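*Asks:* Take this structure, written in structure tokens, and hold onto it; I'll ask about it next.
Values in this text are rule-based calculations from the coordinates and carry no lab data. Predicted model, so just to flag it, every value in this text is computed and none were measured. Note that we place each Cβ from the backbone using ideal geometry, even for glycine, and neighbour counts take in every protein chain shown.
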Amino acid sequence: MRFLNKLTVNQIVEIINSEVTVKGNLNNLISGINEFHSVESGDISFVDHPKYYDKMLSSKAIAIIINKNVEPPEGKTLFICDDPLHCYLNIVQHFVAFHPQNTAIHPSAKIGEGTIIQPNVFIGENVSVGKNCIIHANVSIYSDTEIGDNVIIHSNTTISGDACYFQKRETGWVKITSCGSTKIEDDVEIGCNCSIDKGVSGITFIGKGTKFDNLVQVGHDAHIGAYCFLGAQCGISGCTFLDDHCTIWAQSGVNKGLYVAKNTTLLAVSALDKSVLEEGAVLFGVPADDARKKWKEMAYLKNLPELFADVEKMKNTL
């Protein structure tokens, strides 16, 4: 999330409103806030797990909220505290608040020429819908969404709902407030009852010409490339990057944070748990692997009863 105006280190300390020790460059100007997956140059971010200390300290972030007293990398500012997530959320919630809405379409929404909005559609704050779109009945488009031209969204779909992003504590689950957005490019068609979550702090992106069947779930900060196809009941986890021209057939899932190369096909009822680096791969199974290899394995499995019977005969003979 970008700030409207850059913030000084002192302004950040005031917003955090918790006990922190500041080390490093005290003259930095901070232009935005992002969590680790979306961090950009000029951002402030947070880290609270030893597994990610080094990655965050070497990231593009200019300022880091951290729960370890370390020396700051050159040019960076560290805010050292006991609970980095709490401090991060104080900053996010300073700029992002829920605003109740008493009209179906928010006054700030921009609707392009020739676009048709069917009854019972909800359109939130800071939403733009391009030209010649069709938004069918009972669609909900939450705040901070950008939709291109010639887009069709079918009934009961929800765009830009909050990310399912929580941190477990002894007292329960702490919600990480979403302050990101969703962008849908031109010529996209989204089926009925789909859910596309907004970014936690970055952008959930749907590329030009991509098509969704019904009941598709896209997680926060995911990138779906141009001219992809997602079959019914697919799930794309958060922070996953599907490159252009990928096809994900029905009831298949892609795990979080993966990269899937161009022209990949994931056959129906499959689960992908590793990145795909080879373009044009055809994958199948749980976990997904080369489809031809999986089919051979299935053929071998069918022969197992006969194989066991033959082994038993050999044991009896011996």
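*Asks:* With the crude spin-label approximation of a point 7 Å out along Cα→Cβ, what separation in nm comes out for E306 versus Q167?
*Replies:* It works out to 5.8 nm between the two label points.
*Asks:* Considering the Cα trace of segment 2-95, what is its radius of gyration and what is Dmax, both in angstroms?
*Replies:* For segment 2-95, the Cα radius of gyration and maximum Cα-Cα distance read 11.5, 32 Å.
*Asks:* Here is a further query. Nearest 5 is fine: what % of DSSP beta bridges in segment 2-95 come out antiparallel, could you say? Spell out each step's value before the answer.
*Replies:* On the way: 7 of 17 bridges.
That works out to approximately 40 percent antiparallel.
*Asks:* Follow-up. Let a ≥ b ≥ c be the square roots of the eigenvalues of the Cα gyration tensor of segment 144-275; is it rounded (a/c under 1.5), or, if not, prolate (a/b larger than b/c) or oblate?
*Replies:* Values: a/c = 1.69, a/b = 1.26, b/c = 1.34.
Judged from the Cα gyration tensor, segment 144-275 comes out oblate (a/c at least 1.5, b/c at or above a/b).
*Asks:* Further question on the same structure: What spacing in nm lies between the two simple spin-label points modelled at E189 and K175, each 7 Å away from Cα in the Cβ direction?
*Replies:* Spacing of the two 7 Å Cα→Cβ label points: 3.5 nm.
*Asks:* Additional query: Run the helix sum for the chain: -39,500 (n - 2.57) per DSSP H stretch of 4+ residues, divided by residue count, reported at 222 nm to the nearest 500 deg cm²/dmol. Provide the component values of the computation, followed by the final result.
*Replies:* Values: 5 runs with 51 residues, N = 318.
Here the helix-only value at 222 nm equals -4500 deg cm²/dmol.
*Asks:* For a Förster distance of 51 Å, can you work out the FRET efficiency between the beta-carbons of F229 and T21, rounded to the nearest 0.05?
*Replies:* Numbers: r = 51 Å, r/R0 = 1.01.
Result of the calculation: an efficiency of 0.50.
*Asks:* A further question on this structure: Hey, if you put +1 on the Cβ of every Lys and Arg and -1 on every Asp and Glu Cβ in segment 103-217, which of G207, V129, F166 ends up farthest toward the positive end of that dipole?
*Replies:* Checking the options against the dipole of segment 103-217, the answer is F166.
*Asks:* Same structure, new question: For V129, V174, what ranking results if the residue with the fewest other Cβ atoms within 10 Å of its Cβ goes first? Mind dumping the intermediate values first?
*Replies:* Working: V129 24, V174 15.
By the 10 Å Cβ count, ascending: V174, V129.
*Asks:* Can I ask one more? Give me W295, W173, W249 ranked fewest to most by other Cβ atoms within 10 Å of their Cβ, as a rough exposure proxy. Kindly include the intermediate steps, with their values, before the conclusion.
*Replies:* Numbers: W295 12, W173 9, W249 18.
The order, fewest Cβ neighbours first, is W173, W295, W249.
*Asks:* Out of [x] 1.05; [y] 1.09; [z] 0.99, which label holds the value of Rg/Rh (Cα atoms, Kirkwood Rh) that was computed here?
*Replies:* [y]
*Asks:* Let's test the formula: R0 of 41 Å, r as the Cβ-Cβ distance of N126 and E278. What FRET efficiency results, to the nearest 0.05? Display every interim value, and only then the final one.
*Replies:* Working: r = 40 Å, r/R0 = 0.97.
Efficiency computed from Cβ-Cβ geometry: 0.55.
*Asks:* Just for the chain, what percent of DSSP beta bridges are antiparallel, to the closest 5? Don't jump to the answer; show the numbers that get you there.
*Replies:* Details: 13 of 73 bridges.
If I count the DSSP bridges inside the chain, around 20 percent turn out antiparallel.
*Asks:* Return the FRET efficiency for the residue pair K60, A271: r is the Cβ-Cβ distance, R0 is 35 Å, and the value is rounded to the nearest 0.05.
*Replies:* 0.65
*Asks:* Dimensions of segment 79-166 along principal axes (Cα, Å, largest first)?
*Replies:* 53, 23, 23
*Asks:* Got a sec? How would H106, H245 order by Cβ neighbour count within 10 Å, fewest to most? Mind showing how you got there, number by number?
*Replies:* Working: H106 17, H245 20.
The fewest-first ordering by Cβ neighbours comes to H106, H245.
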